[in-house]
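Below is one structure, written out as structure tokens, with a few remarks after it.
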Amino acid sequence: MLLEKRVDTEVDLHSQNSFPTSYKISPQTRPHVRGKFIFVGDTKFYIKGVTYGAFRPDNAKNEYHDLEQVERDFAQMAAHGINTVRIPHTMPPRSLLDIAQRHGLRVMVGLSAEQYVGYLIDKKRAPNIEKIVREKIRTVAGHPALLCYAIGNEIPASVARWLGNRRIERYLHRIYRIVKQEDPEGLVTYVNYPSTEYLQLPFLDMVCFNVYLETEKALRSYLARLQNIAADRPLLMSEIGLDALRNGEDMQARSLDWQIRTSFAAGCAGTTIFSWTDEWFRGGAEVDDWAFGLTDRSRRPKPALSAVDRAFAEVPFHPGLLKPYLSVIVCSYNGARTIRGCLEGLRRLEYPKYEVIVVDDGSTDATAAIAREYDVRLISIDQQGLSYARNVGGRAAKGDIVAYIDDDAYPDPHWLDYLAACFERTNHVGIGGPNIPPTNDGFIADCVANSPGGPVHVLLTDELAEHIPGCNMAFRKSSLEAIGGFDPQFRSAGDDVDVCWRLQERGWTLGFCPSAVVWHHRRNSIAAYWRQQKGYGKAEALLEAKWPEKYNSAGHHSFAGRIYGKGFAHILGSRTRIYHGLWGSAPFQRLYQPSAWTLQSLPIMPEWYLLILVLFALSVLGLSWKPLLGVIPLAIAVTLTFIQAWQSAAQASLCTPHRSFVSRMRLSSVIAFLHMLQPVARLSGRMKYGLIFWRRRGTPGFAFPWMRTFAFWTKKWMAPEKRLTWVERWLREHRSLFFHGHDFARWDLEVRSGAFAAARILMAVEDQGSGTQYVRFRIWPTIRPVGMASLGLFGALTGAAGLDSAWSICAVLGAGLMLLLLCTWQQAGCAMAAALRAIEPQRTEAD
């Protein structure tokens with residue numbers, strides 16, 4: 001049913017388009033952060049700001065001493081749609097905030113921590129930085145016009161490189177804690193810039209960047225990157241602008257217009273223009289060789305001020321933006337506990353025309369009754385599973401775009417606006433957005449939100465997605481219909497991964513919109529978390545059976561893109577690297593995470609726990625044969641598991657800096673436990689549905705594993721690469737796992753049937769003229785490194801036990817050795833059979 005939005009006659013004084021000069025900000029309306037945006041009360045507050053200062057100080061070193069000029073400036077700002085003033089370099093007097101309050105302006109004050117960072121090097125002459133910062137904060141703490149504190153502005157890249165990023169991060173964290181002690185409700189940020197992009201400051205309430213890029217394409221691309229750095233926090237462009245002295249006033253106006261619109265279209269929480277006026281004083285002198293101001297030194301408006309006024313009045317969404325009819329689909333099975341919150345959130349959407357379809361998948365609770373209380377279309381079906389329900393909703397949808405949200409999630413008021421805007425400006429067939437856990441769901445839910453296995457998005461680039469999670473995804477209906485919708489075999493999970501792969505298989509692309517936010521509740525008990533992860537293990541088994549080429553022989557899928565979200569397991573021994581450029585000259589200095597080695601990743605793999613079980617069994621045998629106690633590194637394996645879990649938990653707890661030490665330790669303990677529980681739950685689900693590393697792969701068959709060579713004439717000339725492509729096609733169609741030879745390999749293809757053994761194919765082609773070819777194939781078995789290591793270990797232990805006359809132990813270990821040999825033989829034979837059958841069509845055609 002179409003939900004038409006009503007236009008209220010009263011003007012919301014916190015709306016993005018209205019801040020009358022007579023408005024007085026109430027003490028009860030201090031701003032706060034919700035996910036990617038800033039709110040005042042329940043109303044979203046888009047920052048539309050300008051920087052103000054620095055100005056020549058008076059004899060008492062007061063920069064903002066001419067309060068009459070401040071009054072005139074603030075009145076002019078408010079009249080042109082500006083709602084925020086950024087004071088970048090010095091703490092303003094409280095009287096300035098009083099003036100801002102009278103004109104309905106918020107103030108972003110700077111604590112200038114960058115001015116003291118040099119004392120981290122030269123400590124002997126260092127002042128009491130903590131005392132200085134506390135005194136600054138106390139002058140304005142709690143003022144209703146205060147937007148946030150910026151603890152610093154653009155610490156020089158050379159200084160950050162000298163001290164090291166960790167030391168700078170600790171310094172800023174120290175200033176942050178001081179602010180929170182003096183003004184607990186105050187928002188805190190740090191104004192960064194591309195030259196120190198690598199600084200990791202997860203404790204900040206919002207992320208600010210000063211960015212000067214003079215082409216729309218470059219800015220749009222970099223904003224996408226900054227949104228991924230900001231993650232679940234608001235992103236503010238704290239400085240954008242253009243110098244009118246070098247580029248002309250008309251060019252300045254045009255540039256600011258697209259800079260503002262591009263920033264808001266990218267999902268920024270706001271922008272701050274540099275600067276209000278051409279008057280600027282730095283380094284003890286007037287700066288007169290640039291003109292970034294919206295007004296000149298006499299406060300006469302430039303064309304840029306009118307351009308900014310128009311742009312601010314029309315953001316975050318351009319009035320000419322098409323608003324297609326959208327269908328929102330909620331599928332629910334026994335979701336009575338959470339679906340009311342979901343439907344309430346959908347009812348508050350700002351989008352002008354949309355429908356909500358609730359598909360009740362055979363619920364036995366009050367789900368259907370709750371849905372009937374809302375203006376939605378309710379479709380009740382017998383329980384068939386999540387994918388089936390999603391297809392039912394998709395077929396009933398009237399919109400050209402169908403958006404899916406889970407019944408335990410609720411959207412940001414502008415969720416559909418951002419999705420529609422992203423669909424309009426791209427050719428993506430599907431678009432997803434972040435799903436953020438609410439902050440008030442309880443202790444266990446908070447722990448689960450910081451544990452592995454949650455719904456995450458995977459990005460190939462800053463804007464191009466490989467996977468979008470099912471709790472927040474939207475598709476063009478025609479594209480979904482073209483691939484037949486969701487696969488009904490995925491009854492509770494995995495359907496989103498499958499549909500993303502099928503869409504991309506058609507050559508289509510998926511996008512990611514960081515501002516299309518939904519709030520998604522996490523599991524609120526350990527038992528529920530266990531059931532969820534076990535279900536995900538089942539989904540992995542189903543996906544591997546359908547997409548064998550995307551999984552390795554151990555049953556693991558490696559996404560080509562980068563995974564974003566909370567709760568990732570920390571890789572042991574992993575180190576980040578900062579790209580500084582030659583002599584630290586790179587304008588964009590980034591943080592890189594090298595790929596982890598297999599050995600580093602072992603403690604986070606489900607099979608690691610099987611290895612621990614084997615080591616435990618061998619240690620039990622050590623009670624009868626003492627050498628096993630010294631040979632089997634069970635203690636090392638268990639220790640590595642605990643270290644990995646605690647390191648991951650420590651990383652997660654950085655996101656909760658407001659907690660006490662005892663609370664953080666309690667939180668970290670539960671998170672560490674969940675990091676160890678999650679792989680076990682996944683392993684349980686995988687093994688139950690056949691996804692085990694010793695499983696057989698491909699079409700059943702067996703050929704004795706010894707080398708075979710074939711040669712044949714053919715009058716049908718074909719490029720060697722195409723012949724191997726035919727072999728690949730057969731293997732793919734018969735769900736066999738295969739890999740290409742690397743640049744230094746003496747083989748072309750390797751066919752695997754398990755973790756222990758494989759078969760390799762080598763081809764040679766001789767051109768004999770007149771289109772004839774003499775084709776040779778060689779196929780031989782090979783034992784893989786895992787198989788060699790396992791056989792070597794059990795063989796050595798068996799031999800040692802025999803030499804020590806420990807015959808019972810020798811028999812047990814010998815039985816294990818024979819089992820491994822049999823498994824290796826069987827896998828080699830299956831791989832040989834698949835390889836032989838793959839080349840058979842070419843031999844038959846030649847005959």
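The values are calculated or read from the model by the stated rules, or taken from the named source; none is laboratory data. Fair warning: this is a prediction, and the values are worked out from it, not measured in the lab. Cβ coordinates were reconstructed from backbone atoms using ideal geometry, including for glycine residues, and neighbour counts include every protein chain displayed. For accessibility, only protein heavy atoms count, side chains too; no ligands or nucleic acids. Shrake-Rupley method; radii C 1.70, N 1.55, O 1.52, S 1.80 Å.
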Exercise. Residues of the stretch 310-334 being more than 15 Å from residue 263 (Cα to Cα), open to solvent by less than 50 Å² (accessible area, probe 1.4 Å) and modelled with pLDDT of 90 or more, which ones?
Worked result: 324, 326, 327, 328, 329, 330, 331, 332
Exercise. Which residue pairs have Cβ atoms under 8 Å apart, sit 6 or more places apart or on different chains, and have a first residue in the stretch 406-420 that is part of a strand (DSSP E or B) and a second that is aliphatic (A, V, I, L, M)?
Worked result: 409/518; 410/346; 410/518; 411/346; 411/349; 411/405; 411/517; 411/518
Problem set entry | The lone exception for residue 464 - which of (1) within 19 Å of residue 35 (Cα to Cα); (2) open to solvent by 20 Å² or more (accessible area, probe 1.4 Å); (3) touching a Ser or Thr at 6+ places or on another chain (Cβ under 7 Å) it fails | (1)
Exercise. Just a yes or no: is a residue in the stretch 249-265 polar (S, T, N, Q), open to solvent by 40 Å² or more (accessible area, probe 1.4 Å) and assigned to a helix (DSSP H, G or I)?
Worked result: no
Seminar exercise, completed: Conditions (1) part of a loop (DSSP other than H, G, I, E, B); (2) open to solvent by 10 Å² or more (accessible area, probe 1.4 Å); (3) modelled with pLDDT of 95 or more -> residue 441 fails only (3)
Problem set entry | Residues of the stretch 758-772 classified as buried (at least 20 other Cβ atoms within 10 Å of the Cβ) and either among the β-branched types (Val, Ile, Thr) or at pLDDT below 90 (or both), total | 1
For this session: Could you grab the pairs with beta carbons closer than 6 Å, sequence gap of 6+ or different chains, first residue in the stretch 201-226 and farther than 26 Å from residue 175 by Cβ and touching a residue at least 24 places away in the same chain (Cβ under 8 Å), second one crowded, with 16+ Cβ neighbours inside 10 Å and among the polar types (S, T, N, Q)?
Result: 216/262; 219/262; 220/262
Exercise. For the stretch 93-207, list the helices (runs of 4 or more DSSP H) that sit wholly inside it and hold at least 2 residues that are surrounded by 18 or more Cβ atoms within 10 Å (Cβ to Cβ) and in contact with a Phe, Trp or Tyr (Cβ under 6 Å, 6 or more places away or on another chain); which are they?
Worked result: 94-102, 165-182
Problem set entry | Residues (without any contact (Cβ under 8 Å) to a residue 24 or more places away in the chain and crowded, with 16+ Cβ neighbours inside 10 Å) located in the stretch 379-389 | 379
For this session: Please work out which one of (1) farther than 11 Å from residue 838 by Cα; (2) touching a residue at least 60 places away in the same chain (Cβ under 8 Å); (3) open to solvent by 30 Å² or more (accessible area, probe 1.4 Å); (4) not basic (Lys, Arg) is the condition residue 730 fails and give its number.
Result: (1)
Seminar exercise, completed: With criteria (1) hydrophobic (A, V, I, L, M, F, W, C); (2) crowded, with 22+ Cβ neighbours inside 10 Å; (3) touching a His at 6+ places or on another chain (Cβ under 6 Å), residue 499 comes up short on (3)
Exercise. Within the stretch 540-551, restricting attention to residues that are in a helix (DSSP H, G or I) and either acidic (Asp, Glu) or without any contact (Cβ under 8 Å) to a residue 60 or more places away in the chain (or both), which residue is surrounded by the fewest Cβ atoms within 10 Å (Cβ to Cβ)?
Worked result: 549
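Conditions tested, residue by residue: (1) open to solvent by 70 Å² or more (accessible area, probe 1.4 Å); (2) modelled with pLDDT under 80; (3) touching a strand residue (DSSP E or B) at 6+ places or on another chain (Cβ under 9 Å).
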site	(1), (2), (3)
572	no, yes, no
581	no, no, no
588	no, no, yes
602	no, yes, no
For this session: Report whether or not residue 302 is in contact with a Leu (Cβ under 7 Å, 6 or more places away or on another chain) and either among the charged types (D, E, K, R) or closer than 25 Å to residue 53 by Cβ (or both).
Result: yes
Exercise. Within the stretch 713-727, which residues are open to solvent by 100 Å² or more (accessible area, probe 1.4 Å) and not in a loop (DSSP other than H, G, I, E, B)?
Worked result: 713, 721, 722
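Return yes when residue 634 is of a type outside the set (Lys, Arg) and at pLDDT 80 or above and no when it is not.
Answer is no for this residue.
Output yes when any residue across the stretch 828-842 is in contact with an Asp or Glu (Cβ under 7 Å, 6 or more places away or on another chain), farther than 17 Å from residue 721 by Cα and either assigned to a strand (DSSP E or B) or open to solvent by less than 10 Å² (accessible area, probe 1.4 Å) (or both), and no when none is.
no
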For this session: Please work out which residue is farthest from residue 69 (Cα to Cα), limiting yourself to the stretch 31-58 and to residues that are aliphatic (A, V, I, L, M) and in contact (Cβ under 8 Å) with a residue 40 or more places away in the chain.
Result: 33
